[in-house]
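The values are calculated or read from the model by the stated rules, or taken from the named source; none is laboratory data. All values derive from a computational prediction rather than experimental measurement. No Cβ is skipped: glycine too gets one built from the backbone with ideal geometry, and neighbour counts run over all protein chains shown.
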Amino acid sequence: MFADGHQKCTLSLGPGNTKQTNGKKRNTGFKKKTHNIHRAKKMNSPNLWNQPPELQFCFSLVNNSCPKNVRPMLTACTMYVVMIGAIVMTMLGNMVVIISIAHFKQLHSPTNFLILSMAITDFLLSCVVMPFSMIRSIESCWYFGDLFCKIHSCCDIMLCTTSIFHLCFISVDRHYAVCDPLHYVTKITFPVIEFFLLISWSIPILFAFGLVFSELNLIGAEDFVSAIDCTGLCVLIFNKVWGVLASFIAFFLPGTVMVGIYIHIFTVARKHAKQIGTSPRTKLAGSKIKVKASSKNESKATKTLSIVMGVFVLCWLPFFVLTITDPFINFTTPEGLYNVFLWLGYFNSTFNPIIYGMFYPWFRKALKMIVTGMIFRPDSSTLSLFPVHA
């Protein structure tokens, strides 16, 4: 498995994996990445900010080493700044959600435990997956060994899919809250949330580890796999069948459920708002206040759901469309396009704490208490973050 103390390539799952075909190179999350065999060329200018140096390899002392994608310094620095910024934001944002829900007893509700689990998922993604994917995306080399290649790839697929499943079940929770509020408390209970969490974690784990170690996705592509083999490679190759199946399981099935539910919620909210707007005026001041408050809350809920659905589709749809189409075009998608779509998917975990955190009234107060250290005071866990009957 190892040559001269360096990594020998393994076929595995993971973002930013590499392979060689048609002289093009790209980084992927569920997919493969092609290595571009650069021709050695002399620099026409000493300006390192605009001109890359001559050909380099991932492991210079190892035969059959994969070529390293040496980017201009300005490009590499920009990519590192953007990706490190996304990683830090994902860590901190989800950490605030985790600490808030775990610490404050007032937030110990079934819905919030579902949000807590999703925040843990996204936090783990920022710690275990994104940093290594960043290095691989920028340098096109895998330096961390065969075993961790498989582990990292499994974690990547598992955590991304788990996060998407959480979004799906949160949409189910919101459906009952908006469309059937009278029975919400009896239907969305702790046992129900535990069932949601069991599905959200177990299916992605079985899917990710089963696919990585069974290598079903490589059936029919053995010759191609052999042709692209080089040292410093951590590659995932999907045949046409598994490109479709993987995308369906990880995205299109939960995504379709989520979008369908949110469209129904959107329709019900607009219907309620229209009924409120056309209802006869009441002489009771209290009723006027309730009608106005209800209309305002439903309008806010509608806008929030629109943002949720829009961000989810924007972040994940491009990547999974490429996952399906790439095997049909002989894996010729440009590297830059794959990098953009891969990290767009990761950014969904960055946006989740913003969408499901900052839109809740308690989030800003909890954030202030965490930053100022008030949570270390005695009995801080029993403090009220919002009115009980609000």
Given (1) modelled with pLDDT of 70 or more; (2) out of contact with any Ser or Thr (no Cβ under 8 Å at 6 or more places or on another chain); (3) not aliphatic (A, V, I, L, M), number of the condition Arg281 does not satisfy:
(1)
Of the listed residues (Ile199, Ile203), the one being surrounded by fewer than 17 Cβ atoms within 10 Å (Cβ to Cβ) and at pLDDT 85 or above is Ile199
If a residue must be under 23 Å from the mean Cα position of the chain (by Cα), surrounded by fewer than 20 Cβ atoms within 10 Å (Cβ to Cβ) and polar (S, T, N, Q), how many such residues does region 62-114 contain?
2
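Which residue out of Val225, Val257 is in contact with a Cys (Cβ under 9 Å, 6 or more places away or on another chain) and of a type in the set (A, V, I, L, M)? Quick ask: steps written out before the conclusion?
Details: Val225 fails: in contact with a Cys (Cβ under 9 Å, 6 or more places away or on another chain).
The match here is Val257.
Do the conditions hold for Ser153, that is, is it in contact with a strand residue (DSSP E or B) (Cβ under 9 Å, 6 or more places away or on another chain) and of a type in the set (Ser, Thr, Tyr)? Spell out how you get there, then give the answer.
Numbers: in contact with a strand residue (DSSP E or B) (Cβ under 9 Å, 6 or more places away or on another chain): yes; of a type in the set (Ser, Thr, Tyr): yes.
For Ser153, the condition - in contact with a strand residue (DSSP E or B) (Cβ under 9 Å, 6 or more places away or on another chain) and of a type in the set (Ser, Thr, Tyr) - is met.
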Filter region 81-116 down to residues that are modelled with pLDDT of 95 or more, out of contact with any Phe, Trp or Tyr (no Cβ under 8 Å at 6 or more places or on another chain) and hydroxyl-bearing (Ser, Thr, Tyr), then give me how many there are.
0
Just one listed residue, out of Ile354, Ile370, Ile324, Ile375, is surrounded by 14 or more Cβ atoms within 10 Å (Cβ to Cβ), of a type outside the set (Asp, Glu), over 24 Å from Phe113 (Cα atoms) and in contact (Cβ under 8 Å) with a residue 60 or more places away in the chain, and it is Ile324
Does region 118-127 include one or more residues that are buried (at least 20 other Cβ atoms within 10 Å of the Cβ) and either among the hydroxyl-bearing types (Ser, Thr, Tyr) or over 23 Å from Phe319 (Cβ atoms) (or both)?
yes
Inside region 58-114, can you point out the residues that are closer than 24 Å to Ser380 by Cβ and part of a loop (DSSP other than H, G, I, E, B)?
Phe104, His108, Ser109
Taking the stated definitions as given, is Phe347 under 23 Å from Ile98 (Cβ atoms), in contact (Cβ under 8 Å) with a residue 12 or more places away in the chain and not in a helix (DSSP H, G or I)?
no
Can you find a residue that is surrounded by 21 or more Cβ atoms within 10 Å (Cβ to Cβ), not in a helix (DSSP H, G or I) and not aromatic (Phe, Trp, Tyr) anywhere in region 133-144?
yes
Exactly one of Ser109, Ser100, Ser163, Ser117 is among the small types (Gly, Ala, Ser) and out of contact with any helix residue (DSSP H, G or I) (no Cβ under 7 Å at 6 or more places or on another chain), and that one is Ser109
Looking across region 365-381 at residues that are small (Gly, Ala, Ser) and within 13 Å of Ala102 (Cβ to Cβ), the single one that is nearest to the chain's Cα centre (by Cα) is Ala366
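Quick one: would you say Asp156 is acidic (Asp, Glu), surrounded by fewer than 19 Cβ atoms within 10 Å (Cβ to Cβ) and closer than 29 Å to Ser60 by Cα? Step through it out loud before you land on a result.
On the way: acidic (Asp, Glu): yes; surrounded by fewer than 19 Cβ atoms within 10 Å (Cβ to Cβ): no; closer than 29 Å to Ser60 by Cα: yes.
Judged against the criteria, Asp156 is not a match.
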Quick check on my filter: what residues within region 86-145 are polar (S, T, N, Q) and farther than 24 Å from Leu233 by Cβ?
Thr90, Asn94, Ser100, Gln106, Ser109, Thr111, Asn112, Ser117, Thr121, Ser126
Filter region 144-187 down to the residues that are aromatic (Phe, Trp, Tyr), more than 27 Å from Phe207 (Cβ to Cβ) and in contact (Cβ under 8 Å) with a residue 40 or more places away in the chain and list them by number.
none
Run Asn217 past the list (1) closer than 19 Å to Phe320 by Cα; (2) surrounded by fewer than 18 Cβ atoms within 10 Å (Cβ to Cβ); (3) touching a helix residue (DSSP H, G or I) at 6+ places or on another chain (Cβ under 8 Å) and report the number of the one that doesn't hold.
(2)
Go through the residues of region 152-165 one by one and say whether even a single one is within 25 Å of Val70 (Cβ to Cβ), in a helix (DSSP H, G or I) and hydrophobic (A, V, I, L, M, F, W, C).
no
